[in-house]
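For reference, the structure is listed below as structure tokens.
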Amino acid sequence: MDALTERAQPRWGRLLKRILVIAAGGAVAAVALLLAVSADARYIARAGIEEARLLLRRRAIDKLIADTTTPAALRQRFALVRAARAYAADSLGLAVGKTYTTYADVGRDTLLLVLSASRRDKLREITWRYPIVGIVPYKGFFNASRARTEAQRLDVEGLDVFLRPSGAFSTLGYLSDPLFSTAMSRDTMELVATVIHELAHNTLYVKSQTPFNESFASFVGYRGAAAFFRSRHDTLDARRAAARWRDERTLDVFYAELARRLDSAYAEPLSGERLEQVRTALFGWARDQFRGAVGQSLETYDWRWFAQAPLNNAVIIAERLYRMNLNLFDEIYLQNNADIAETIRAIQIRVFTQPGDPYQALYSRPGMKVE
């Protein structure tokens, strides 16, 4: 009989370590390759790094309020944000999480620049795809020079471009978004409306449906701000929030009509001098409206800014993102006895139970006018 040979016991710890090293090396190589060949991957990586730097500057708002070295005016703003956040959670039923429990001084007057682009002969936006949020018609840059370089590149390609500043953004509750210093320069009404607007994104967000998401948040922001100030017996800011919401609805109707006229004109093939003539005429009509009936009806906006601001397809698309079918939200609001919290819940239930186009889900509610 052959002698039995005893096998050595496998060193599972060493084997597992080798597997992990190989896997980690493969992951690093894959990421490096992706960054090398994909501009979108490089953009997301840079944005992630910039956001991480901002998040590292966070300081607890409660501690800043309690700190006697914090300027009194700033402490008052922090207290207002804290009260608005509590109202959003307790009275509006918004998902607040840890959002706006901290503050970050970004060290500059602009948090980020947002780029929109469109074809010149069509109201057709350029879109980008990102994880979680899906397809969106804009691109944000923390670095101003990169934003301008990208805008110039798209302009050279013959596209309409629009670059605008933004003082806030939302990670939809995935991260504990701080209150940024760029939002603190806003007046008290706009500051509260911004807080509630961003918290609305935490509460209801439909992937790849930017106009609905932003318009819903605008509705919740201004209607919610008005309710918040009424609860504090601040009639001045309550009236200003209500007036701002009326202005948003006025601008919604105006930009919808301008878009209709542009779509009608762009229905025929246009190019060269004829295209420029059509655009000049329609954008001239828009400026005349701001100098006339539309501008004079605005209660909280300065009509002169709209009359003098640049106009192109990208501007129209960007302006409409926050003002699309606003009267629909107000109709649901009135159906729910002008109770903003009940309206938010009604919209959530309908959108969650009727997948697809969220606007169609709301228009198809019993008693609604289908458009």
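Annotation note: of LEU262, LEU258, LEU328, the sole residue that is modelled with pLDDT of 95 or more, over 26 Å from ALA243 (Cβ atoms) and out of contact with any Pro (no Cβ under 8 Å at 6 or more places or on another chain) is LEU262. Within region 81-98, count every residue that is in contact with a helix residue (DSSP H, G or I) (Cβ under 7 Å, 6 or more places away or on another chain), closer than 10 Å to LEU199 by Cα and assigned to a helix (DSSP H, G or I). The number of residues fulfilling the criteria is 2.
Residue check: GLY221 meets all listed conditions (1) farther than 17 Å from ALA104 by Cβ; (2) surrounded by fewer than 20 Cβ atoms within 10 Å (Cβ to Cβ); (3) in contact with a His (Cβ under 6 Å, 6 or more places away or on another chain) but one, namely (2).
Quick grid of which residues meet (1) surrounded by 15 or more Cβ atoms within 10 Å (Cβ to Cβ); (2) of a type outside the set (Val, Ile, Thr); (3) at pLDDT 75 or above:
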residue	(1), (2), (3)
ALA30	no, yes, no
ALA36	no, yes, no
ALA47	yes, yes, no
ARG58	yes, yes, yes
ASP67	no, yes, yes
ALA72	no, yes, yes
ARG77	yes, yes, yes
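The condition of being surrounded by 15 or more Cβ atoms within 10 Å (Cβ to Cβ), of a type outside the set (Lys, Arg) and farther than 14 Å from SER181 by Cα holds for only one of ALA41, ALA88, that being ALA88.
Residues in region 187-213 that are surrounded by fewer than 23 Cβ atoms within 10 Å (Cβ to Cβ), among the acidic types (Asp, Glu) and part of a helix (DSSP H, G or I): GLU190 alone. Listed by first and then second residue, the pairs with beta-carbon distance under 6 Å, at least 6 apart or on different chains, first residue in region 151-177 and closer than 29 Å to HIS197 by Cβ, second aromatic (Phe, Trp, Tyr), are LEU172/TYR205. Among the criteria (1) free of Cβ contacts under 8 Å to residues at least 24 places away in the same chain; (2) under 15 Å from THR171 (Cβ atoms), the one LYS207 does not fulfil is (1). Regarding THR102, is this residue of a type in the set (Val, Ile, Thr) and crowded, with 18+ Cβ neighbours inside 10 Å? So THR102 fits the description; yes. Residue-level analysis places ASN313 among those that are surrounded by 15 or more Cβ atoms within 10 Å (Cβ to Cβ), under 24 Å from ARG124 (Cβ atoms) and not β-branched (Val, Ile, Thr). When the helices (runs of 4 or more DSSP H) confined to region 315-371 are screened for residues that are within 21 Å of SER231 (Cβ to Cβ), those reaching at least 1 such residues are found at 326-335, 340-353. Scanning region 231-267 for residues that are touching a helix residue (DSSP H, G or I) at 6+ places or on another chain (Cβ under 9 Å), more than 25 Å from PHE329 (Cα to Cα) and either among the aromatic types (Phe, Trp, Tyr) or surrounded by fewer than 15 Cβ atoms within 10 Å (Cβ to Cβ) (or both) gives a single hit, TYR266. In this entry, ASP177 passes the filter for residues that are within 20 Å of the chain's Cα centre (by Cα) and either under 15 Å from LEU112 (Cβ atoms) or surrounded by fewer than 21 Cβ atoms within 10 Å (Cβ to Cβ) (or both).
Only a single item in (1) among the basic types (Lys, Arg); (2) under 22 Å from the mean Cα position of the chain (by Cα); (3) at pLDDT 75 or above; (4) surrounded by 14 or more Cβ atoms within 10 Å (Cβ to Cβ) is not met by ARG108, and it is number (4). Tell me, please, whether a residue that is under 23 Å from SER116 (Cα atoms), more than 25 Å from the chain's Cα centre (by Cα) and in contact (Cβ under 8 Å) with a residue 24 or more places away in the chain can be found in region 303-326. The answer is no; no qualifying residue exists. For region 135-174, the candidate set comprises residues that are among the hydrophobic types (A, V, I, L, M, F, W, C) and over 15 Å from the mean Cα position of the chain (by Cα); within that set, the residue that is farthest from ALA226 (Cα to Cα) is VAL156.
Condition check ((1) under 30 Å from ARG59 (Cβ atoms); (2) part of a strand (DSSP E or B); (3) touching a Ser or Thr at 6+ places or on another chain (Cβ under 9 Å)) across all residues:
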site: VAL114; (1), (2), (3): yes, yes, yes
site: ASP121; (1), (2), (3): no, no, yes
site: GLY140; (1), (2), (3): yes, yes, yes
site: ARG148; (1), (2), (3): no, no, no
site: SER170; (1), (2), (3): yes, no, yes
site: SER185; (1), (2), (3): yes, no, no
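The values are calculated or read from the model by the stated rules, or taken from the named source; none is laboratory data. What you are looking at is a predicted structure, and each value in this text was computed from that prediction instead of being measured. All Cβ positions, glycine included, derive from the backbone under ideal geometry; neighbour counts span all protein chains shown.
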